[in-house]
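Q: Dropping the structure in here first, questions after.
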Amino acid sequence: MRRRRTLLRALLAPAALSLLHTCSCETVQGHPIVTECQLQNFTADAEVEAKLKLHAPRKWPHKLDYLLSTLKRRIIDRQIPGAIVELGALDGTTSRMLRRLLDEFDKSNNRPLHIYDSFKGLPSRRTEDGNQTRPEDGKGGMATTKARFVDGFTKSSLRLPDGIHEGFFGDIPAADYPSPIAFAFFDGDLYSSIYDSFRQVYHKMSPGGIIMVHDYTVDGLFPGAKRAIEDFLRGKPERVRECYSIIGTVVKKRSSSSR
Ligand SMILES: C[S@@+](CC[C@H](N)C(=O)[O-])C[C@H]1O[C@@H](n2cnc3c(N)ncnc32)[C@H](O)[C@@H]1O
């Protein structure tokens with residue numbers, strides 16, 4: 001009798017797990033998403049689309065729409081003071097869009113734009129990052145050069161960022177991160193990279209400032225990103241209250257300034 005019950009449990013457990021999986025996850029563009037914060041009715045900023053879609057890399061992904069529309073509506077239009085930073089810039093595809101957006105909508109303010117990358121690719125994965133499925137998602141994956149980043153700006157006739165900082169996020173001196181920061185985009189993929197991004201930037205954020213983090217998914221290629229956000233924000237007043245596609249958004253509270 002006991003053996004039969006154990007056998008039954010063993011047979012039912014995977015079915016129950018897969019039911020749980022289909023219940024708690026959906027997919028956006030092939031990525032598993034987090035349903036509790038997922039915006040159902042995100043509408044892109046019409047001006048952003050009109051001015052910037054033309055320059056989009058290949059096709060215009062929904063997540064870029066969300067990123068740029070949020071920056072315009074919630075930082076520039078509301079005049080939240082501070083710099084714009086991107087941690088994990090690779091060849092500068094998103095950095096160039098950030099520059100275009102600032103050129104188009106933030107002319108009078110002249111906000112500084114700073115980008116950060118090792119240009120040597122990713123650091124090592126940790127257990128929080130789960131299994132590696134593609135060769136380029138491990139140590140040294142996605143390596144590029146600063147020259148290539150600069151070249152992309154030059155060829156597009158765009159002004160270079162005010163700071164192009166080369167090194168691993170945690171090793172770059174604190175003084176090289178501007179203060180205050182109004183808007184931050186974290187795209188370092190891995191647990192340690194996202195955690196270090198928060199360590200360097202969180203306490204410099206203006207009240208009402210926004211941190212958007214890529215790879216906020218329940219599993220996918222980089223599950224460590226979501227874990228790092230949750231670990232860093234534990235005990236702090238902020239949470240990811242809104243997400244779209246695979247970007248999670250954190251709004252810095254007025255009362256919080258500690259690390
Ligand atoms: C997914 S790519 C960034 C893509 C870019 N944001 C875009 O939209 O085109 C990830 C980048 O983060 C960089 N990176 C990851 N972890 C890092 C760390 N801890 N320190 C410095 N750079 C890091 C990698 O070198 C790589 O260029």
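Nothing in this text is a laboratory measurement; each read-out follows from the coordinates by a stated rule. Worth saying up front: this structure is predicted, and the values here are computed from it rather than measured. All Cβ positions, glycine included, derive from the backbone under ideal geometry; neighbour counts span all protein chains shown.
Q: What are the residues whose amide H is under 5 Å from the amide H of Gly121, where those residues sit 5 or more places off or on another chain and H is modelled from the backbone?
A: Thr144
Q: Can you tell me the dipole magnitude for the chain around its Cα centre, using point charges on the Cβ only (Lys, Arg +1; Asp, Glu -1), in Debye to the nearest 20?
A: On the way: 40 positive and 31 negative charges, 166 e Å.
So the dipole magnitude of the chain works out to roughly 800 debye.
Q: Kindly state, to the nearest 0.05, the FRET efficiency for Arg239 paired with Thr127, given R0 = 30 Å and r defined as their beta-carbon distance. Write out the running numbers ahead of the final one.
A: Working: r = 24 Å, r/R0 = 0.80.
Efficiency for this residue pair is about 0.80.
Q: Can you compute the helix-only [θ] at 222 nm over the chain? Use -39500 (n - 2.57) per DSSP H run of at least 4 residues, normalise by all residues, nearest 500 deg cm²/dmol. Each step should come with its number before you reach the end.
A: Details: 7 runs with 84 residues, N = 259.
Helix-only estimate at 222 nm: -10000 deg cm²/dmol.
Q: If you filter the stretch 33-101 for trypsin sites (Lys or Arg not before Pro), then keep DSSP loop positions with at most 14 other Cβ within 10 Å, what is left?
A: Working: sites: Lys51, Lys53, Arg58, Lys59, Lys63, Lys72, Arg73, Arg74, Arg78, Arg96, Arg99, Arg100; in loops: Arg58, Lys59, Arg78.
Filter output for the stretch 33-101: Arg58, Lys59, Arg78.
Q: Let me ask another. Can you list residues from other chains, or at least 5 along the same chain, whose modelled amide H is less than 5 Å from the amide H of Met205?
A: Amide H neighbours of Met205: Ile181.
Q: So, one more: Taking a ≥ b ≥ c as the square roots of the Cα gyration tensor eigenvalues, with a/c under 1.5 meaning rounded and otherwise prolate when a/b beats b/c, else oblate, which class fits the chain?
A: Working: a/c = 1.79, a/b = 1.68, b/c = 1.07.
Prolate, since a/c reaches 1.5 and a/b exceeds b/c.
Q: So which helices of the chain fit the span-like rule, where a helix is a whole DSSP H run, its Cα atoms reach 20 Å or more along the axis, and its mean Kyte-Doolittle is at least -1.0? Can you show the working numbers first?
A: Numbers: long enough: 2-24 (32 Å, 0.26).
Taking the DSSP H segments of the chain (at least 20 Å long, mean hydropathy at least -1.0), we get 2-24.
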